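Right, one structure below, let's go through it.
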Amino acid sequence: MLVEKLFDSRADMIAALQKECLAALREAVDERGEATFMVSGGSSPEPLYKALSSADLKWESVYVALVDERWVDFDNEKSNEAFIVRTLMQNNAAKANLVGMKNTAETPAAGLADCENAYQQLAQPFDVTILGMGSDGHTASLFPHAQGLSEALDVNSESLCAAITAKQSEVTGTAVERMTLSLAGLLRSKSLLLLITGEEKLNVLRQAQAGTDVNEMPVRAVLQQQQVPITVYWAP
């Protein structure tokens with residue numbers, strides 16, 4: 001279920017990713033009239049989003065939704081929603097439909113029901129899901145030993161979304177209150193695309209592949225599942 005695509009340069013990797021994403025989104029629009037594009041924040045996918053923003057696509061038929069979000073307002077520099085607006089939803093892609101996770105509730109737990117309801121309206125299975133991975137072995141906002149992690153990793157859950165309180169670290173910063181797609185939510189995808197760069201992340205990937213403790217490295221739950229194909233895209 002896991003394929004690795006290792007590239008010599010980030011430019012080559014982004015070009016291949018762009019091609020795969022566009023093919024999947026176009027196919028979905030042609031077949032059912034709409035597409036769902038699940039996106040993660042971070043510096044690694046930023047050039048992908050900027051390249052896609054100018055692509056020739058029926059963007060008005062594409063629903064862009066977040067894989068995870070810090071529980072901060074849109075005008076906060078840590079907002080993934082704002083990041084996606086700045087990078088992807090420009091140029092041609094400005095016509096896409098954005099579905100965010102952050103709502104007016106005080107906490108992710110309090111806002112979970114409304115977020116879940118919004119995400120259940122998205123066409124499933126999701127057509128393209130972009131994931132990243134942290135040096136601590138997290139993916140989405142599934143952080144090691146986080147409050148809410150066990151529920152979020154329940155593969156039999158019917159919930160797409162989960163409220164998470166991460167343990168503060170260099171990776172999380174102070175924004176430990178998160179909303180995320182659950183493992184079950186991630187597995188509602190046609191395929192998962194894990195985008196990582198640099199030798200450190202490749203070493204983390206190998207460490208994750210070598211062990212089984214999902215609480216220590218939650219990305220293992222995604223890498224080792226047998227339901228949905230996952231492709232790792234890596235460049236130096």
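The values are calculated or read from the model by the stated rules, or taken from the named source; none is laboratory data. Being a predicted model, the structure only gives us computed values, none of them experimental. Note that each Cβ is placed from the backbone with ideal geometry, even for glycine, and that neighbours are counted across all protein chains shown.
Looking across the stretch 36-53 at every residue that is assigned to a helix (DSSP H, G or I) and not hydroxyl-bearing (Ser, Thr, Tyr), the one that is surrounded by the most Cβ atoms within 10 Å (Cβ to Cβ) is identified as LEU52.
Among the residues of the stretch 54-70, just one is closer than 18 Å to GLY100 by Cβ and in a loop (DSSP other than H, G, I, E, B), namely VAL67. Residue count for the stretch 175-219 under the criterion of being closer than 24 Å to PRO108 by Cα and not in a strand (DSSP E or B): the result is 15.
Every test in (1) more than 30 Å from GLY33 (Cβ to Cβ); (2) assigned to a helix (DSSP H, G or I); (3) free of Cβ contacts under 8 Å to residues at least 40 places away in the same chain; (4) of a type in the set (Gly, Ala, Ser) is passed by ALA109 save one, and that test is (3). So GLY33 ticks every box in (1) closer than 17 Å to ASN97 by Cα; (2) buried (at least 18 other Cβ atoms within 10 Å of the Cβ) but one. Which box is left unticked? That leaves (2) as the condition not met. Can you find a residue in the stretch 172-192 that is at positive phi and not aromatic (Phe, Trp, Tyr)? Yes: one or more hits.
Count of the stretch 79-112 residues, restricted to those that are surrounded by 14 or more Cβ atoms within 10 Å (Cβ to Cβ) and either under 19 Å from ALA162 (Cα atoms) or of a type in the set (A, V, I, L, M, F, W, C) (or both), is 22. Do we have VAL72 as touching a Ser or Thr at 6+ places or on another chain (Cβ under 8 Å) and surrounded by fewer than 19 Cβ atoms within 10 Å (Cβ to Cβ) here? It is true that VAL72 is touching a Ser or Thr at 6+ places or on another chain (Cβ under 8 Å) and surrounded by fewer than 19 Cβ atoms within 10 Å (Cβ to Cβ).
Cβ-Cβ distances below 8 Å connect the following pairs, each with a first residue in the stretch 187-211 that is in contact (Cβ under 8 Å) with a residue 12 or more places away in the chain and surrounded by fewer than 17 Cβ atoms within 10 Å (Cβ to Cβ), a second residue that is among the acidic types (Asp, Glu) and in a loop (DSSP other than H, G, I, E, B), and a separation of six or more residues or different chains: LYS190/ASP127.
Would a scan of the stretch 146-153 turn up a residue that is more than 17 Å from the chain's Cα centre (by Cα) and more than 19 Å from ALA113 (Cα to Cα)? Yes: the stretch 146-153 contains one or more residues that are more than 17 Å from the chain's Cα centre (by Cα) and more than 19 Å from ALA113 (Cα to Cα).
Among the residues that make up the stretch 213-235, is at least one of them among the charged types (D, E, K, R) and surrounded by fewer than 14 Cβ atoms within 10 Å (Cβ to Cβ)? Yes - at least one qualifying residue is present in the stretch 213-235. Somewhere in the stretch 79-101, is a residue without any contact (Cβ under 8 Å) to a residue 24 or more places away in the chain and of a type in the set (A, V, I, L, M)? Yes - at least one qualifying residue is present in the stretch 79-101.
Filtering the stretch 161-178 to residues that are within 26 Å of GLN121 (Cβ to Cβ), in contact with a Phe, Trp or Tyr (Cβ under 8 Å, 6 or more places away or on another chain) and either buried (at least 23 other Cβ atoms within 10 Å of the Cβ) or free of Cβ contacts under 8 Å to residues at least 24 places away in the same chain (or both) leaves CYS161, ILE164, ARG178.
Condition test on VAL222, is it within 23 Å of PRO125 (Cα to Cα), touching a Leu at 6+ places or on another chain (Cβ under 8 Å), modelled with pLDDT of 95 or more and not in a loop (DSSP other than H, G, I, E, B)? Yes, satisfied.
Of the residues in the stretch 122-134, at least one is among the aliphatic types (A, V, I, L, M), closer than 30 Å to GLN225 by Cα and surrounded by fewer than 16 Cβ atoms within 10 Å (Cβ to Cβ).
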